[in-house]
Amino acid sequence: MRNLFLRRGFTLMELMVVIAIIAVLASVAIVDYSHVKGKSRDGRRAVELKELDAAAQKYFQDNYKYPSTLADLTSYFDPGNFPKDPLTGFPYDYETNGSDYCLGAHMEEISNSVTCGALLNGSGDNYKISSQ
């Protein structure tokens, strides 16, 4: 009866098992969280490419030609809010031949099958929007 009252707390083995279970659960949650962050950045990239596409169409209506660079589209966005890749901070890829253009980005989780002919060939972009 005396030993029953003296034993308070957990054994070392019990504590190690609980810590191992917590470590496994935490590692699964961290891996899943990074996947979710990548999909979130991809969603932002897709929306921003559509915004750039709309700005390029507006530019065409105003100037009867597509912009020669993305910098020509800055007046269609609020100052400091020009779309850039959310991971790298670099501008998206853009190429034009005068009559058509292609916007591209390298996505982490998703892709599409849009081809831009000779535009942005070999750029490594797996998500593109074309004027064609």
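One table, with the values for the structure above:
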| quantity | calculated |
| --- | --- |
| Residue check for residue 34: at pLDDT 90 or above, under 30 Å from residue 90 (Cα atoms) and among the polar types (S, T, N, Q) | no |
| Pick from region 51-85, criterion part of a helix (DSSP H, G or I) and of a type in the set (Asp, Glu), ranking: nearest to residue 124 (Cα to Cα) | 53 |
| Test result for residue 48, surrounded by 11 or more Cβ atoms within 10 Å (Cβ to Cβ) and assigned to a strand (DSSP E or B) | no |
| Any chance residue 80 is on the phi < 0 side of the Ramachandran plot and not β-branched (Val, Ile, Thr) | no |
| Pairs with Cβ under 9 Å, 6+ apart, first in region 108-131 and at pLDDT 80 or above and surrounded by 11 or more Cβ atoms within 10 Å (Cβ to Cβ), second part of a loop (DSSP other than H, G, I, E, B) and of a type in the set (Val, Ile, Thr) | 126/110; 127/110; 127/114; 128/114; 128/115; 129/114; 130/114; 130/115 |
| Some residue of region 76-84 being surrounded by 17 or more Cβ atoms within 10 Å (Cβ to Cβ) and under 22 Å from the mean Cα position of the chain (by Cα) | yes |
| Candidates 100, 53, 62 - the one that is exposed (fewer than 14 other Cβ atoms within 10 Å of the Cβ), out of contact with any Pro (no Cβ under 9 Å at 6 or more places or on another chain), over 30 Å from residue 33 (Cα atoms) and among the acidic types (Asp, Glu) | 62 |
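Let's see how each residue does on (1) more than 17 Å from the chain's Cα centre (by Cα); (2) of a type in the set (Asp, Glu):
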| position | (1), (2) |
| --- | --- |
| 88 | no, no |
| 97 | yes, no |
| 104 | no, no |
| 108 | no, yes |
| 111 | no, no |
| 114 | yes, no |
| 118 | yes, no |
| 121 | yes, no |
| 126 | no, no |
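The values are calculated or read from the model by the stated rules, or taken from the named source; none is laboratory data. Everything numeric here is computed off the predicted structure, so don't read it as measured data. For neighbour counting, all protein chains shown are included, and Cβ atoms are generated from backbone atoms with ideal geometry for every residue, glycine included.
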